[in-house]
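Where a number appears in this text, it was derived from the coordinates with a stated rule and is not lab data. Only a predicted model underlies this, so the values are computations on that prediction, with no experimental measurement involved. Cβ placement follows ideal geometry from the backbone for every residue including glycine, while neighbour counts extend to all protein chains displayed.
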Protein chains: 2
Amino acid sequence: MEELIRYGEKLFDEIEIAVYRNRDVGIHIELNEVSTSAVRQRTVTIVRGIKDKRLGLAIIDSEDKDEIRRAIDEAYKMAKLNNKDEKWKTLPKPGKYKKPPKFDKALKEVSSDYFVELAKRGIELSLEKDKNLIVAGGGGGAEWIESLILNSHGVEISQEGGGAYFYLGFIGRKESLVTPMIFDVDARRNLNLDVENIVENLAQKVKWAYKVEKSRTEEAKVIVEPYALASLLHFALFPAFSGEKLIKQTTPLANKVGEQVFNELLTIYDDPFHELSLKPVIADDEGVPTRKNALIENGTFKGFLWDNYWANVYGTESTGNGIRNSSTGGISIGMHSVVIKNGKESLEELIADIEHGYLVNGFQGAHSSNPDNGNFAVVANPAYLIENGEIKGSTVFMMSGNVYELLKNIYAVSKEQKVVPFYGTTISPSMAFENVRIAGK
Amino acid sequence: MEELIRYGEKLFDEIEIAVYRNRDVGIHIELNEVSTSAVRQRTVTIVRGIKDKRLGLAIIDSEDKDEIRRAIDEAYKMAKLNNKDEKWKTLPKPGKYKKPPKFDKALKEVSSDYFVELAKRGIELSLEKDKNLIVAGGGGGAEWIESLILNSHGVEISQEGGGAYFYLGFIGRKESLVTPMIFDVDARRNLNLDVENIVENLAQKVKWAYKVEKSRTEEAKVIVEPYALASLLHFALFPAFSGEKLIKQTTPLANKVGEQVFNELLTIYDDPFHELSLKPVIADDEGVPTRKNALIENGTFKGFLWDNYWANVYGTESTGNGIRNSSTGGISIGMHSVVIKNGKESLEELIADIEHGYLVNGFQGAHSSNPDNGNFAVVANPAYLIENGEIKGSTVFMMSGNVYELLKNIYAVSKEQKVVPFYGTTISPSMAFENVRIAGK
């Protein structure tokens, strides 16, 4: 790769080459059966070059040297045609990286057979548990990624790592009643996936859902479980941490650093080094060393996240949050492993303490939230009615409001945390809110 | 490949091997600049084998013979573990194919330079047209696909073909007003993409959007343009044509063959041979010959679509609508090129004829429609208010109802048709509806 950097330097003032090798093995589950066994392999190379503040970017599905050379030529043609970006400063300089984390190397070699067996066991356990169940969907697999980031300033960092996941989606049928599909997932940096626990959780939730209860239009206590919480915050809140949005004045958090914006029960980090993190990267996609970034500590907003470009524009340092878009190759500000701090009570205790309220497993429509002001409108489904400290049955309701208001009304946080491997990775507890306005259905 | 079929026959009663080679070249546009040049190449092989009515399926990113052999072994292991599918009959037998369609072979060789030039021209034209415009997004490219479907009953069909597309997304800014992002696209089986026309259309729409008008809660005439119509029908209506849903009794069209279900102005075919079709395949993904299937003719429902499996279950013939899911490798019933028949009047005339009503460019939330009953709830945006035959400005409103009711209220169809290359391909006119209940915002 060195000689390709040298080749690129003849054309560009600065050049970066990034190579990603992905291996995915896994299986899909449909209607109580394993439906597909898959081994997917993909290599992508991205060339980013800058000439006279003009940017050229090329992406190819190969790491063949001749093809990378052609991609450099393509990027150069593009750079010549583009306008100057007067805001451009420089690609990152080399930094000091932490020691690479440990991975279970079995993740790299595991075959899909392993997940076929896991799936069979999961399906058997499920049907033993409740004969009215259908394992409507699911899947399991392992991913292994090797990456190499090089640039003409001397950045040269290679990393490898992986993770495994297993999930099931249950539908229950009793007489004429069909429950909504209810999901649970386990994801970790080794192969010890806890199928039993998934089945246990889901069987309980489906059992609850065999009874359907009405929801009212009211202000009530609502416990939001990890998936639902992660999806809502991912769309309504997390984009507001972006330094780009600070510069563009499209974040409600502008001028709020050091201020108590949220309830003191809320603490959020972006921490790739958390023990549950699925991507414990020591460098971001531009080769900048990663670190644990405090975002919210006891309700106080601590600061923004930066990639190299926007940090340079603002006159600060990258926080190691340059994330590459795998379809366009472009870099933007993103998060590695969001960690929402847990609390003291068990989810069971939180439920037991509620006289009248709701438990939310999933939100639909979170993606339509507006992070520029925090407004959201979602449908809570699957959701459950709580009466006198007990789940009474499943229900559905609308919840609309503003995430900044909502996050002032936290009154408890569960001690259990779950790894939510969608929308990047979020490590999240359940969170209990009071005075939540809901519209029954 | 023949010897791999022979190898598979030693393990399975029947076996199918499908190979897809994809080449994509193209560029992305962001904020008045070309942001990425991309050349993506991918090969996928899917093995489907059946032993004692037990199905095994394996998918790999390769066409290497040794790897395909390993995939056959994987599929076999899976088949042994799975339960018998008593409904399983057989893989398809060979059929008689039409003559392959003609393609512009330039699609196969074109480099991303071509689209860089197109993009530069598009951006220049746009900014000349209206200096308040931002070309916020866009892209262009060409795709070339080579496929080979083989099975142990003698099916052996190879096809190749491709298409090109170009799209732009405009945002207009005037004083404090920022318009919503407005898209237009051209897609065809050759490289003669009409950039001028896209810019012309979009500039007009942005101009209309510089004025914002209130929408009322009322019953009104609404003209729905091709993208909006395609997205709504794709989610709320088209799944109802599936033979699988007939068998499972989850389509409102069960027992309706030959009945006048819709307004007589509605005619819909699935026609891969239509001159504007982007995928004029002569065989589906199981190697069954494709054909023009009538779905609705002058409002009368004509019949269901079938893949090989569900046709066998129902005791009928596949209509050539077996479509492979590129992520799981599984086959399900889908459409190739939906053609909604055009009418007699120009869109301009349709607008001129409305005293008070609306024009809808896009729907948000169409994916949450329920095809089992046709219920939908969408937000019309971008949308425009029409008064006295003229566009008065942009507006936003909610539209919720039932697609079967809506499609009774067609009163005119435009003569212009557009190729909508999302959600498969839909070739669609604009459609004018009366007595549409809308909720203003």
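Out of every Cα pair in segment A:216-270, what percent are spaced more than 15 Å from each other? Each step should come with its number before you reach the end.
Values: 937 of 1485 pairs.
Tail fraction, whole percent: 63.
Which of rounded, prolate, oblate describes chain A, given a ≥ b ≥ c as roots of the alpha-carbon gyration tensor eigenvalues and a/c under 1.5 marking rounded, otherwise prolate only if a/b is larger than b/c? Don't skip to the answer; put the middle values down first.
Working: a/c = 2.39, a/b = 1.48, b/c = 1.62.
It comes out oblate by the Cα gyration axes.
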For B:306, B:88, what's the fewest-to-most ordering of other Cβ within 10 Å of each Cβ? B:88, B:306
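Hey, what's the per residue convex hull volume over the C-alpha atoms of segment B:1-124, in cubic angstrom? Present the calculation step by step, with values, prior to reporting the outcome.
Numbers: hull volume 22.3 nm³, N = 124.
It comes to 180 Å³ per residue, whole-number rounded.
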Going by alpha carbons, how many degrees (0 to 90, nearest 10) lie between the helix axis of A:2-11 and the longest principal axis of chain A? 70
What relative contact order, as a whole-number percentage, does segment A:1-140 give when Cα pairs under 8 Å and 6 or more residues apart are counted? 28
Computed label-point distance, nm, for sites residue B:146 and residue B:67 using a 7 Å Cα→Cβ extension: 1.6
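For segment A:359-441, build the convex hull from the C-alpha positions and give me its volume per residue in Å³. Present the calculation step by step, with values, prior to reporting the outcome.
On the way: hull volume 9.4 nm³, N = 83.
Spelled out: Cα convex hull of segment A:359-441, divided by residues, is 113 Å³.
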In degrees, nearest 10, the alpha-carbon axis of helix B:195-209 is tilted away from the dominant principal axis of the alpha carbons of chain B by 50
Cβ-Cβ FRET estimate between residue A:219 and residue B:113, R0 fixed at 56 Å, reported to 0.05: 0.40
Projected label distance in nm at residue B:405 and residue A:131, using a 7 Å step from Cα toward the beta-carbon: 4.3
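Would the protein assembly as shown count as rounded, prolate or oblate if I go by the C-alpha gyration tensor, calling it rounded below 1.5 in a/c and otherwise prolate when a/b exceeds b/c, oblate otherwise? Present the calculation step by step, with values, prior to reporting the outcome.
Working: a/c = 1.10, a/b = 1.06, b/c = 1.03.
Rounded.
So if we plug the beta-carbon distance of residue A:43 and residue A:197 into 1/(1 + (r/R0)^6) with R0 = 41 Å, what FRET efficiency do we get, rounded to 0.05?
0.70
If each residue of separation counts as 0.36 nm, what is the full-extension length gain between residue B:292 and residue B:53 once their alpha-carbon separation is subtracted?
Details: separation 239, 0.36 × 239 = 86.04 nm, distance 3.14 nm.
82.9 nm is the gain from fully extending residue B:292 to residue B:53.
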My understanding is that a pair violates if its Cα-Cα distance is over 31 Å; which of A:89/A:292; A:279/B:51; A:105/B:10; B:292/B:408 do that in this structure? A:279/B:51; A:105/B:10
What are the lysines whose alpha-carbon lies under 25 Å from the alpha-carbon of residue A:211, with same-chain residues fewer than 8 places away excluded? A:129, A:131, A:174, A:221, A:392, A:441, B:248
Please identify which residues in segment B:351-394 have an amide N closer than 12 Å to a label point set 7 Å out from the Cα of residue B:211, following the Cα→Cβ vector. B:385-394
Which of rounded, prolate or oblate describes segment B:186-286 when judged by the alpha-carbon gyration tensor and an a/c cut-off of 1.5? oblate
Along the Cα→Cβ direction, 7 angstrom out, place labels at residue A:250 and residue B:259. What is the inter-label distance in nm? 4.8
Scaled radius of gyration (Cα, divided by 2.2 N^0.38 Å) that segment A:272-410 gives: 1.32
Once Lys and Arg get +1 and Asp and Glu get -1 on their Cβ, which of B:293, B:315, B:281 lies farthest toward the positive end of the dipole of segment B:275-318? B:293
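Give me A:182, A:145 ranked fewest to most by other Cβ atoms within 10 Å of their Cβ, as a rough exposure proxy.
Starting with the residue having the fewest Cβ neighbours, the order is A:145, A:182.
What number do you get for segment A:2-208 when its Cα radius of gyration is normalised by 2.2 N^0.38 Å, N = residues? Walk me through the intermediate numbers first.
Values: Rg = 23.6 Å, N = 207, 2.2 N^0.38 = 16.7 Å.
So the Cα radius of gyration is 1.42 times the expected 2.2 N^0.38 Å.
I'd like the mean, over residues of A:36-48, of how many other protein chain beta carbons sit within 10 Å of each residue's own Cβ.
Details: counts 15, 13, 12, 9, 7, 4, 3, 1, 2, 0, 2, 1, 1.
Average neighbour count from other chains, rounded to a whole number: 5.
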Using the Cα atoms of segment A:1-60, I'd like the radius of gyration and the largest Cα-Cα distance, Dmax, both in angstrom. 19.0, 59
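Taking 0.36 nm per residue of sequence separation and subtracting the Cα-Cα distance, how much length would be gained by fully extending the chain between residue A:97 and residue A:368, in nm to one decimal? Before the final figure, lay out the partial values.
Details: separation 271, 0.36 × 271 = 97.56 nm, distance 3.73 nm.
Working it through step by step, the gained length comes to 93.8 nm.
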Sites residue B:316 and residue B:377 - FRET efficiency at Förster radius 45 Å, r taken between beta-carbons, to 0.05: 0.85
Calculate for chain B the 222 nm mean residue ellipticity that helices alone would give, adding -39,500 (n - 2.57) per DSSP H run of length 4 or more and normalising by residue count, nearest 500 deg cm²/dmol. -6500 deg cm²/dmol
Rank the residues B:81, B:266, B:295 as a footprinting-exposure proxy: fewest other Cβ atoms within 10 Å of their Cβ go first. B:81, B:266, B:295
Helix axis angle, B:112-129 relative to chain B longest principal axis, alpha carbon, degrees: 20
